[in-house]
Amino acid sequence: MTPSSDEPGKDKGRSIAILSGKGGSGKTLVAAVAASAFAAASWPNGSVGPVVLVDADAGTSGLSYYLGMKYVHNIGDGLAEVAADSLDGDSHVRDAWSSLRPLRDIELVTSTSQEEVLFLPMGDNALLMRTMNPQQLPPIIRDVVASIASRAGRLIVDCRGGIDDESLAVCEAVDDIVLVVEPDTTSVQATKHLSDVLSEKKLAHKLRGFIVNKAMENPTIVGRNGSGLFRTRYLSAVPFDLDANRAFLVGELPMATSLFVTHVVYGLSRLYPELPKPPRSTIWSPEDFDRLALLTPESARGGVISGMAIITLGIAFAVNTFAVGHLTASLTYGFFAFLALFGIIGSLEPTRRLLGRALAGSRRRTTRRIRRL
């Protein structure tokens, strides 16, 4: 099925590659959630074909192992076997449609029209190393993805973390590319490199947006700067969701009401209007992320020091007042003003970290002296 428009959400079929600059960003979980969300979508033009999810990570097969714990029984025959069977010398690529298998019980979004999701696992990726050289695989993957895309309503492809020839082949075959990035320096730099490579390969026009995953503080700066660095649109930030990460570790999809699902679907719905957009009231504001921000160990120690200092000063003042019997009003007001100022300064993040580092340094020096003795 050839897309009728280059604008997402306007055509009858659309194929989407989920990429990240490095492994561990959460793109595999994003891909699985996206497939389920599309299956529950209300298609504006009626039925457009099934939703298909493909594991194209020839390195780790992460999506196959993840879904294989609960949602699909056989992950031993998939893209690797299709690729190996396609080496017949006449450029013929085996039809992969017969290798698709349904995923069971993956409903994430409440819907009366939940459609079936078909899945193509990676299969035996060691077979690829035994039967073909590295140059043979990318064009086969490109042709397999293109053939599935021509018959699917929505195709979601989970690629390997980083960028390689297989991922580039997927990007050549799909309509859209969505990036998943973590808000740390390493992930941002790796994603910029990924964007640069896509630009060099004349594929940057397929970039539709990026999702910031595992956000533990205000993502506004990452979203603003990322739009320039990655040359694409900022879609949403997903708060760090411990429950969703636990679900992933045991091979389960997170609940429909989870922070992860809500924010991923919200981000994708900005590109694909048929997705059931979550209520705006459930989407976190920058202030909500500020409340999530985790204290560093130095900040936590510094907060304890600051609090103990305030308590100590308060007790000392009370004891001194009791001993003297009477203090002038100006002295009393001055002390409370000093205590309030000290509390404000001590509550600032830079001050807490400075105090925490000073305590840690003092403990290390004391430990070294004891060891010398």
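What follows draws every value from the coordinates through simple rules; no lab data is involved. This one's a predicted model, so the numbers in the text were calculated from it and none came from an experiment. A quick note on method: Cβ atoms are made from the backbone with ideal geometry, for glycine too, and the neighbour counts reach across all protein chains shown.
List the pairs from K22/K201; K70/K192; K192/K214 whose alpha-carbon separation is above 25 Å, in the order I gave them.
Working: K22/K201 19 Å; K70/K192 35 Å; K192/K214 18 Å.
Long pairs (Cα-Cα over 25 Å): K70/K192.
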- Long-range amide H partners of R94 with built H, under 5 Å: S86
- Chain lengthening between E252 and H205 when straightened (0.36 nm per residue, less Cα-Cα): 13.5 nm
- Message: Show me, for segment 247-264, the HN-Hα J-couplings you get by feeding each phi into the Karplus relation (A = 6.51, B = -1.76, C = 1.60, θ = phi - 60°), rounded to Hz, glycine and proline as x.
- Response: 4, 4, 5, 9, x, 10, 7, x, 5, 4, 8, 5, 4, 4, 4, 4, 7, 5
- Note on the structure: In segment 182-269, the trypsin sites (Lys or Arg not before Pro) that sit in a DSSP loop and have at most 13 other Cβ atoms within 10 Å of their own Cβ are K201, K202
- Would you please give the FRET efficiency between A323 and L359, computed as 1/(1 + (r/R0)^6) with r the Cβ-Cβ distance and R0 = 30 Å, to the nearest 0.05? 0.45
- Message: Students often get this wrong: which residues of segment 50-89 have the backbone nitrogen under 13 Å from the point 7 angstrom along Cα-to-C-beta of E116?
- Response: 50-52
- Message: Run the simple label-point estimate for M129 and A316 please: 7 Å along Cα→C-beta, distance reported in nm.
- Response: 6.6
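Report the extension gain between M216 and R233 in nm, rounded to one decimal, defined as 0.36 nm multiplied by the number of residues separating them, less their alpha carbon distance.
Working: separation 17, 0.36 × 17 = 6.12 nm, distance 2.06 nm.
Between M216 and R233, full extension yields 4.1 nm more.
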- Item | Gain on full stretching of the segment that runs from R280 to K70 - 0.36 nm per residue minus C-alpha separation | 72.4 nm
- Under-5 Å amide H pairs with A17, H placed in peptide plane, nonlocal only: V157, D176, I177, V178
